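The values are calculated or read from the model by the stated rules, or taken from the named source; none is laboratory data. These figures come from a predicted structure and were not determined experimentally. Here Cβ is always computed from backbone atoms with ideal geometry, including for glycine, and neighbour counts include all displayed protein chains. Just so you know, the surface numbers come from the protein's heavy atoms only, side chains and all, with ligands and any DNA or RNA stripped out. Shrake-Rupley method; radii C 1.70, N 1.55, O 1.52, S 1.80 Å.
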Amino acid sequence: DQQVKQNSPSLSVQEGRISILNCDYTNSMFDYFLWYKKYPAEGPTFLISISSIKDKNEDGRFTVFLNKSAKHLSLHIVPSQPGDSAVYFCAARSSWGAAGNKLTFGGGTRVLVKP
Amino acid sequence: GAGVSQSPSNKVTEKGKDVELRCDPISGHTALYWYRQSLGQGLEFLIYFQGNSAPDKSGLPSDRFSAERTGGSVSTLTIQRTQQEDSAVYLCASSLRLAGEADTQYFGPGTRLTVL
């Protein structure tokens, strides 16, 4: 049972345009969400996070939106740059008990930014 | 500053052999995690260490997998009698795990394990 899902395995976007990556979750105990970026042969790199008490968090070109009622979050990258081409993972965790020890990851979305 | 390091970066082994994977966390990080990523999949939690507490082993897929963390720093993940389905990238992460604060895990580059 996949608790975190990224339904789009890939996304292609023109340089300068907006990239929108989506993530859905099923576990209502999740209260902290993160996005990681991964280049080939490297470990995931933390990008941005959001707590469930917020609905938006912005950091430079990256904005994460959280819709708790829909159990949905999205990552917006504006403007997209060729260096943004990577696999993006959505992750979630719960602060409650032992469940807070681990991140639950989605399957990833491969983003290709065309020059 | 130094990030999380892992060794070896690549490991090829024969089915049935034992392997050890090493992780050096960021200095001062009390929490250490192991995940694995199988081909085309997301990351799967394996085990978590926090200070001197008993580790959370809930993600280990079988009793062939074990891990230890010596002196609250370096960790070793051991896979005994490897099987082909163990082939994956094994990723280590560490975090400050401060009480009451949001916890961000920082990942190492991973060890790519191939079991022939």
Within the set of pairs 6 or more residues apart or between chains, which connect a residue that is open to solvent by 40 Å² or more (accessible area, probe 1.4 Å) inside region B:45-65 to a residue that is aliphatic (A, V, I, L, M) with Cβ atoms less than 6 Å apart? B:Q50/B:A31; B:P55/B:I47; B:K57/B:I47
With among the polar types (S, T, N, Q), facing chain A (nearest Cβ under 9 Å) and more than 11 Å from the chain's Cα centre (by Cα) as the only criterion, which of B:Q41, B:Q84 stands out? B:Q41
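May I ask you to list the residues in region A:86-106 that are assigned to a loop (DSSP other than H, G, I, E, B) and surrounded by 18 or more Cβ atoms within 10 Å (Cβ to Cβ)?
A:S94, A:K102, A:L103, A:G106
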Please state which of the following conditions A:I53 fails to meet, knowing it meets all the rest: (1) over 16 Å from B:T104 (Cβ atoms); (2) exposed (fewer than 14 other Cβ atoms within 10 Å of the Cβ); (3) more than 11 Å from chain B (Cβ to nearest Cβ). (3)
Report yes if B:R36 is of a type in the set (K, R), open to solvent by less than 70 Å² (accessible area, probe 1.4 Å) and in a strand (DSSP E or B), otherwise no. yes
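Residue by residue, here is whether (1) touching a helix residue (DSSP H, G or I) at 6+ places or on another chain (Cβ under 8 Å); (2) part of a loop (DSSP other than H, G, I, E, B) holds:
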site: B:L46; (1), (2): no, no
site: B:N52; (1), (2): yes, yes
site: B:S58; (1), (2): yes, yes
site: B:P61; (1), (2): no, yes
site: B:T82; (1), (2): no, yes
site: B:C92; (1), (2): no, no
site: B:L113; (1), (2): yes, no
Does B:K15 fit the bill of being at pLDDT 90 or above, in a loop (DSSP other than H, G, I, E, B), open to solvent by 30 Å² or more (accessible area, probe 1.4 Å) and of a type in the set (D, E, K, R)? yes
